[in-house]
Amino acid sequence: MVQMEVRLPPEMEADDLKARERARSQELQRDGSWVHLWRVAGRYANVSVFDVGSPDELHELLSSLPLFPYIDAHVTALARHPSKLDQPTEEERRLMSERANQLISDILRRVHEAIVENEVTYEEYQAVKQWFIDVGEAGEWPLFGDVYIEHVVEKNAFGDRAGSQGTILGPFHLPDAPVLEAPYELPRRPDEQGDRTVVTGRVTDTDGNPLAGANLDVWQADASGAYSGFMPGPPEGNLRGQVRTRDDGRYEFRTVIPGPYTIPLDGPTGRLTAAAGWSPWRPSHIHLIVSAEGHEPLVTQLFIDTSDYLHDDVASAVKDELIVHPEPTGKGDELGFSYDFVLAPIHAPVPVG
Ligand code: BEZ
Ligand code: FE
C-alpha cells in the first residue's frame, strides 16, 4: 500500500503533467499492477494498492509516474492475513490454476481442431464473434448453457449416484418459492388451463426409510408452456411452491399438466437452433428439487408420457426413469400419477487435490 501526497510548487503550470499522470495511472490500472486507487478527501493525496513482485519493481513503477518528483510516498508492505475468510491457500491456488490450465487448454484445442477439420472461413469466424456478442446482449448465456451443455455436466456429475435419477435444473427456477400448507396445491389462476392432476409418492433414503419433512420445491410451465417470472402471461409465483412430506415420507400436491414449450425463438440461442435445423421444443415436464437433511438434494424433472418431443428434447434432459403416466383418479376429471424419490446420503466433502 502506498500513501502518496502530491506537493506541486504553487506557481507551477501543471495541466500537461497531470494529464500524463492520469494516462500512466490508467495504463497501470489496466495492466493489473495498480489494484486500488482512493483519493484522500480534501487533500491532493491518494491511498493506493499495487500488486508487485518486489520493492525494486514498486520503485520502478512509482518512478515511472510523471508526478514522481513531486510525490511524497509512504510505503507499507501488505501480506496475506491467515484469518481472512475465503482465502484459498497457496496450494489451493496452485491446484485451481492447474485445473484452469487443463480445462481451458483442452477446450481451446478441441475448438481449434474443429476449425481446421471444417475449414472454418474468416466470414464464419466473424459471424460467430457477432453471435457471441448477441448472446451476451440478450442475456442468453444461461439459457444457451442450460440447453446445450448442462445435460452432459449433470450426467457426468451424478450418473453413478445412488437413489433416483436427476436431470438438468434449467434457467427457470426461482429460489424462495412460498412454502405451501397442506392440502398442497401449486398456486394457480382461477381460470388456469390444463388438466387437473394430483401428484403423490414417497421420499425415502437408499435403505427405504421414509424421510419425514423432506422438501419438494416444485415449478412448472402452464398449459401454454409459459413460466411465471420469465414470460408474459402467468402472474408472479404461478405454479411454483414448496411441499413437505408427512411423517411416513409421503407427499401429495395438486397442479395442472404443463404444456410443452419452445426455447425463445427470436433470440440468438433460438437462431442457432434454427440455423442447425434442430427442434426448439422441450416436452411437458414438472421440475422438482427434492431435499432432506443429511441427503444430497435431487434436482430432477418428471416428464408427461403423452407429451410430444420426449425423443427430441432440445435440452437432451429426458431420462426413461423420469417419464410418468397420468391416469384418471375417478374423481371428476382429475388425473393422477405417483413417483417415489430416493435420496442419496450426503457426500463427505472431497479435499481439494
Ligand atoms: C427448462 O427445463 O425449463 C429448460 C431447460 C433448459 C433450457 C431451457 C429451459
Ligand atoms: Fe422447464
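The values are calculated or read from the model by the stated rules, or taken from the named source; none is laboratory data. Please read these numbers as outputs of a predicted model, since none were measured by experiment. Note that each Cβ is placed from the backbone with ideal geometry, even for glycine, and that neighbours are counted across all protein chains shown.
Within segment 176-186, restricting attention to residues that are more than 15 Å from ligand 1 (Cβ to nearest atom) and part of a loop (DSSP other than H, G, I, E, B), which residue is modelled with the lowest pLDDT? Walk me through how you get there before you give the answer.
Quick first cut of segment 176-186, residues more than 15 Å from ligand 1 (Cβ to nearest atom) only: 176, 178-186.
Filter once more, so that each one left must be part of a loop (DSSP other than H, G, I, E, B): 176, 178, 180-183, 186.
Numbers: Asp176: 92, Pro178: 97, Leu180: 98, Glu181: 97, Ala182: 96, Pro183: 97, Leu186: 98.
Restricting to residues being more than 15 Å from ligand 1 (Cβ to nearest atom) and part of a loop (DSSP other than H, G, I, E, B), the top hit is Asp176.
Scoring Pro190 on the criteria (1) part of a loop (DSSP other than H, G, I, E, B); (2) within 16 Å of ligand 1 (Cβ to nearest atom) leaves a single failure, condition (2). If you filter segment 133-146 down to residues that are within 16 Å of ligand 1 (Cβ to nearest atom) and aliphatic (A, V, I, L, M), you find that the one that is surrounded by the most Cβ atoms within 10 Å (Cβ to Cβ) is Leu143. For segment 183-207, the set of residues classified as touching a residue at least 60 places away in the same chain (Cβ under 8 Å) and out of contact with any strand residue (DSSP E or B) (no Cβ under 8 Å at 6 or more places or on another chain) is empty.
Apart from one condition, Thr204 fits all of (1) closer than 22 Å to Ile263 by Cα; (2) surrounded by 16 or more Cβ atoms within 10 Å (Cβ to Cβ); the exception is (1).
Results for (1) modelled with pLDDT of 95 or more; (2) hydrophobic (A, V, I, L, M, F, W, C); (3) exposed (fewer than 13 other Cβ atoms within 10 Å of the Cβ), shown as yes or no for each residue.
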| position | (1), (2), (3) |
| --- | --- |
| Val111 | yes, yes, yes |
| Glu124 | yes, no, yes |
| Trp131 | yes, yes, no |
| Asp160 | no, no, yes |
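Restricted to segment 281-322, and to residues there that are assigned to a loop (DSSP other than H, G, I, E, B) and of a type in the set (A, V, I, L, M, F, W, C), the residue that is nearest to ligand 1 (Cβ to nearest atom) is Ala315.
Residues that are in contact (Cβ under 8 Å) with a residue 60 or more places away in the chain, over 14 Å from Ser63 (Cα atoms) and of a type in the set (A, V, I, L, M) occur at least once in segment 7-18.
If only residues of segment 147-158 that are of a type in the set (Val, Ile, Thr) and surrounded by fewer than 16 Cβ atoms within 10 Å (Cβ to Cβ) are counted, the one that is nearest to Trp278 (Cα to Cα) is Ile149.
Of the residues making up segment 216-237, those that are within 16 Å of ligand 1 (Cβ to nearest atom) and surrounded by 21 or more Cβ atoms within 10 Å (Cβ to Cβ) are Asp217, Val218, Trp219, Gln220, Ala221, Asp222, Tyr227, Ser228, Pro234.
The residues of segment 248-263 that are more than 14 Å from ligand 2 (Cβ to nearest atom) and either within 24 Å of the chain's Cα centre (by Cα) or in a loop (DSSP other than H, G, I, E, B) (or both), listed by number, are Asp248, Gly249.
Contact map, segment 45-57: residues that are surrounded by 15 or more Cβ atoms within 10 Å (Cβ to Cβ) paired with residues that are of a type in the set (Phe, Trp, Tyr), Cβ distance under 7 Å, separation 6+ or inter-chain. Pairs shown: Asn46/Trp38; Val47/Trp38; Ser48/Trp34; Phe50/Trp34. The requirement of being of a type in the set (Ser, Thr, Tyr), in contact (Cβ under 8 Å) with a residue 12 or more places away in the chain and within 16 Å of ligand 2 (Cβ to nearest atom) is not satisfied by Thr245.
Of all residues in segment 59-80, those that are at pLDDT below 90 and either surrounded by 15 or more Cβ atoms within 10 Å (Cβ to Cβ) or farther than 20 Å from Ser33 by Cα (or both) total 1.
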